[in-house]
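Data block below; observations after.
Just so it is clear, none of the values below were taken in a lab; they were calculated from the coordinates. Remember, it's a predicted structure, so these values are computed and weren't measured experimentally. Cβ atoms come from the backbone with ideal geometry, glycine included; neighbour counts cover every protein chain shown.
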Amino acid sequence: MESTLLEQASALTADILKYNPSHRKQGNNAHLAVLSPACRLPDDVVRTIFMATLPSTRNPGISPDEAPLLLVRIWKPWRDIALQTPRLWASIHIVVTSLAIIPRLTEVVMNWLNRSGALPLDICLLPSERLRFRTTNPQSGSISLLLSALIQTSRRWRKVRFFLSKNDAETLLQQLSRDDVPLLKVITIASPPATKSNEHILCRSLSFLAAPSIRRLTLTAAPGNASYRAPAAWGNLTYLKIVHTSEIDPATVSKTDWAKGSIPAKRALEILRQCTALRLCELSLAGEVSLYHFTSFSLPCLEDLTIHDFFGKTDDTTFFKYIELPNLRFYSFEAYHWPAPQAIPVPSTTLSSLQHLQLSPGPSSETILAILARTTRLEELFLRVVPAPHLENADNYDNHFLRALTDVAAPICPTLRSLEIRSGDKLTETEIIDFVSRRISTGVFMRFVTLLNGSQQLDVAAHLHDVLPIGFELIVRYTSPYPHLGMRED
């Protein structure tokens, strides 16, 4: 009997997700077929099913076509159950599409959250793209009514993401103290690109960021639009992200503006020294620390680190000189002005623990091979481009990098399972065939991905079909005319 009930519940969940309320307007009885199994289900089972219909990758939106609003449109008994289930209304994804709807939207949001009872709240507040990137009559101050209403629920905030202008943040959020957000665990504050009337958010004025309950802190800003001396209980954080907004192209901004939107390397070290519980960190850095003296410190819990460096000043002789990362597993480095070819933009003292390494655009082949020679546990390697030799006459490129990775006499990265080269403009199909056929002799190499300039000349997958192990993923794409995908199967 229990098995039958579970089967009914599973089928009903699928039916709800496919249900179209317009069936009722069409004068047919299609909706009755959805309801018939539900008439016999207990209310607690229906509530469990309702929870399973909520979006899995984000908070539920204010849409009549998705749960929970969809659930109150199907059948009156279900409407009553949905309205009396606080968990359905304890999270919300708010998108402001027009300034004119703010009063009505505020009323809808507060009615929604009032149904959540006393439960902790997950809130996401974002403007639409059209509002986000307006350069005249900016958003500043425009959502104050809505934000003021949300602040009234701050004692129940658990996970909060706000995309705010300077005025909204400083005139409203600065009212909050650390005691006003006792349940807050995750906070993201992002700001739009700066304009003359929409300046930077001074996060240092947001005292509630020092709440001891916060475990994940994200501050995102456009270049020239940030000040990162925010108060925080750094020692309690397990996740820290201070980066530029992803919509900004580094090639379009000046070094000065990029520096304003980044965290100074010196300040980053001061913060990281206090983050003893940190497990994941992503930073946009500017400047260098060679002029300062720091004592070394350790981050024993840090497993995942991503660095974005406009100036290319982060390497093992400066920034990483002061940090010990004994358990680092994932490391990604992105520079827009690559450091000297010999520079090692990797925490070299922790290479033996790395399992995933991502470099963009990439050092010279000599440097990357020197790094890889010390990575005894590396499983995944991502490179933006094929590393080239650091030679004065590098015109005679001979694919030194891939040949070195197939050197049987001195194997490099014996545990490497995946190699992805985003732009393989210096590779040929013949070189790929030779590399993959040799590298699979390690017994663990199972994935190779790249993009080649021009059109396909050889069918790489066909040439390797007889030697590739079952399950090997081979993806060779071309800039023209069509991509080519191959995978070894039974």
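Taking label positions 7 Å along the Cα-Cβ direction at both T218 and R87, the computed distance is 2.5 nm, reported to one decimal. By other beta-carbon atoms within 10 Å, ranking H93, H293 with the fewest at the front produces H293, H93. Summing Lys and Arg as +1 and Asp and Glu as -1 over all other residues whose Cβ lies under 15 Å from the Cβ of T415 gives a net charge of +4. Taking each residue as 0.36 nm, the span from F330 to T479 lengthens on full extension beyond its C-alpha to C-alpha distance by 50.7 nm. Over every Cα atom in the range 71-122, the radius of gyration and the widest Cα-Cα span, Dmax, amount to 12.5, 36 Å. Relative to the current alpha-carbon distance between A233 and I102, full extension at 0.36 nm per residue lengthens the span by 43.8 nm.
The charge dipole of the range 398-468, taken about its Cα centre with unit charges on the Cβ of Lys, Arg, Asp and Glu (plus for the first two, minus for the last two), comes to roughly 280 debye. Full extension of the chain between F297 and Q274 gives 7.3 nm of extra length, using 0.36 nm per residue less the Cα-Cα distance.
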